[in-house]
1. Given the structure, is residue 181 outside any helix (DSSP H, G or I), of a type outside the set (D, E, K, R), free of Cβ contacts under 8 Å to residues at least 40 places away in the same chain and out of contact with any Leu (no Cβ under 8 Å at 6 or more places or on another chain)?
2. Could you look through region 174-212, keep only residues that are crowded, with 18+ Cβ neighbours inside 10 Å and among the aromatic types (Phe, Trp, Tyr), and pick out the one that is nearest to residue 223 (Cα to Cα)?
3. From the list 171, 127, pick out the single residue that is aliphatic (A, V, I, L, M), in a helix (DSSP H, G or I) and buried (at least 18 other Cβ atoms within 10 Å of the Cβ).
4. If you go through region 78-96 one residue at a time, how many are touching an Asp or Glu at 6+ places or on another chain (Cβ under 9 Å) and within 19 Å of residue 186 (Cα to Cα)?
5. Checking residue 223 against (1) under 18 Å from the mean Cα position of the chain (by Cα); (2) surrounded by fewer than 16 Cβ atoms within 10 Å (Cβ to Cβ): exactly one of these is not met. Which one?
6. When region 143-168 is examined, which residues are found to be over 29 Å from residue 211 (Cβ atoms) and crowded, with 19+ Cβ neighbours inside 10 Å?
7. Going by what's in this entry, would residue 153 be described as over 15 Å from residue 205 (Cβ atoms), within 20 Å of the chain's Cα centre (by Cα) and in the same structural domain as residue 207 (by TED's automatic domain parsing)?
8. Could you tell me whether region 127-135 includes any residue that is in contact with a strand residue (DSSP E or B) (Cβ under 7 Å, 6 or more places away or on another chain) and either assigned by TED's automatic domain parsing to the domain that holds residue 230 or among the aliphatic types (A, V, I, L, M) (or both)?
Amino acid sequence: MFRTECFDRKWICKNSGRAVCYRTTQTGRLLVMKTLILSFAAMLLCFVCSAGVLYISHRGESADAPENTMAAFRLAWERGTDGIECDVHRTADGEVVVIHDGDTGRVAGTKLPVARSSAEELRKLDVGSFRGRQFAGEKLPLFSELLTAMPGKGLVYIELKDREPGLAEAVAALVRRHGKGPEQVRFISFHADAVRAMKELLPEYRAYFLAGLSWDAEKKRLKQDLDEMVKTAKEAKADGVDLSFGMFWDEALVKKFRDAGLEVHCWTVDDPVLAEHARKLGVDSITSNRARFLMDRVGKTK
């Protein structure tokens with residue numbers, strides 16, 4: 001910090017010993033304050049830029065552990081990835097559980113619809129064995145269980161799978177109850193109304209609009225309308241977009257969302273070549289089934 005003192009309408013800089021004369025002490029104070037503010041802004045910008053791209057473990061480190069289980073989340077925390085991503089649904093008895101699909105068939109072998117089953121019924125199922133005997137007995141996690149286990153500086157991207165009645169409200173209540181601040185929680189959803197609901201419930205928390213992008217090889221253009229995507233995100237009061245990634249991404253695509261004041265995140269990237277392309281384009285985060293692997297191979301600097 002600069003230190004200054006006024007002697008006979010001169011401001012003496014204690015760092016350099018140089019004297020700068022001003023016509024009035026008020027003008028001097030304003031100029032010094034302006035310099036300090038600009039210096040602070042520059043330092044803040046450098047800090048933000050140095051943070052680099054975040055690597056988020058998709059449903060935990062799910063390349064090596066069963067998705068959306070405590071085993072996968074613990075593995076991400078042990079490996080020191082930048083954060084985890086999880087999916088949430090609401091059960092028939094009002095509990096919030098962590099699972100991607102609307103039923104348990106794919107991960108448990110027994111097909112129970114989440115919205116029509118109780119948490120107790122769902123947690124009797126083994127959702128780990130489909131990935132190997134070492135994961136036998138893994139239970140479908142309660143969302144509260146995940147929040148309780150999160151490290152102090154942990155970060156979680158929470159995907160609301162639908163605008164299910166009461167889901168957004170229940171998730172917001174649990175986040176508050178467990179004392180997880182805006183620096184630890186971000187919300188994502190393919191449903192604009194779910195994004196809007198989270199911004200209304202927790203306006204200080206970031207929420208991103210999820211969408212898929214695909215390339216029309218014959219017409220050599222995107223199949224989606226980016227202007228419409230920007231409009232949808234802005235109307236939902238989203239802080240950014242979280243989009244499926246591919247080599248067709250370019251600087252113009254990223255700029256389209258940046259110019260609209262939106263953050264740019266991408267999913268699901270497991271290939272180091274793709275991750276390197278995303279990093280060079282300056283995306284804010286990369287969601288991956290093997291986030292630690294990409295962190296080590298590609299690096300974080302934008």
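1. Values: outside any helix (DSSP H, G or I): yes; of a type outside the set (D, E, K, R): yes; free of Cβ contacts under 8 Å to residues at least 40 places away in the same chain: yes; out of contact with any Leu (no Cβ under 8 Å at 6 or more places or on another chain): yes.
So residue 181 fits the description; yes.
2. 209
3. On the way: 127 fails: in a helix (DSSP H, G or I).
Result of the check over 171, 127: 171.
4. 8
5. (1)
6. Those that are over 29 Å from residue 211 (Cβ atoms) and crowded, with 19+ Cβ neighbours inside 10 Å: none in region 143-168.
7. Details: over 15 Å from residue 205 (Cβ atoms): yes; within 20 Å of the chain's Cα centre (by Cα): yes; in the same structural domain as residue 207 (by TED's automatic domain parsing): yes.
The answer is yes for residue 153.
8. First, the residues of region 127-135 that are in contact with a strand residue (DSSP E or B) (Cβ under 7 Å, 6 or more places away or on another chain): none.
No, region 127-135 contains no residue that is in contact with a strand residue (DSSP E or B) (Cβ under 7 Å, 6 or more places away or on another chain) and either assigned by TED's automatic domain parsing to the domain that holds residue 230 or among the aliphatic types (A, V, I, L, M) (or both).
The values are calculated or read from the model by the stated rules, or taken from the named source; none is laboratory data. Note that the coordinates shown come from a computational prediction; the quantities given were computed from them, not determined experimentally. Note that each Cβ is placed from the backbone with ideal geometry, even for glycine, and that neighbours are counted across all protein chains shown.
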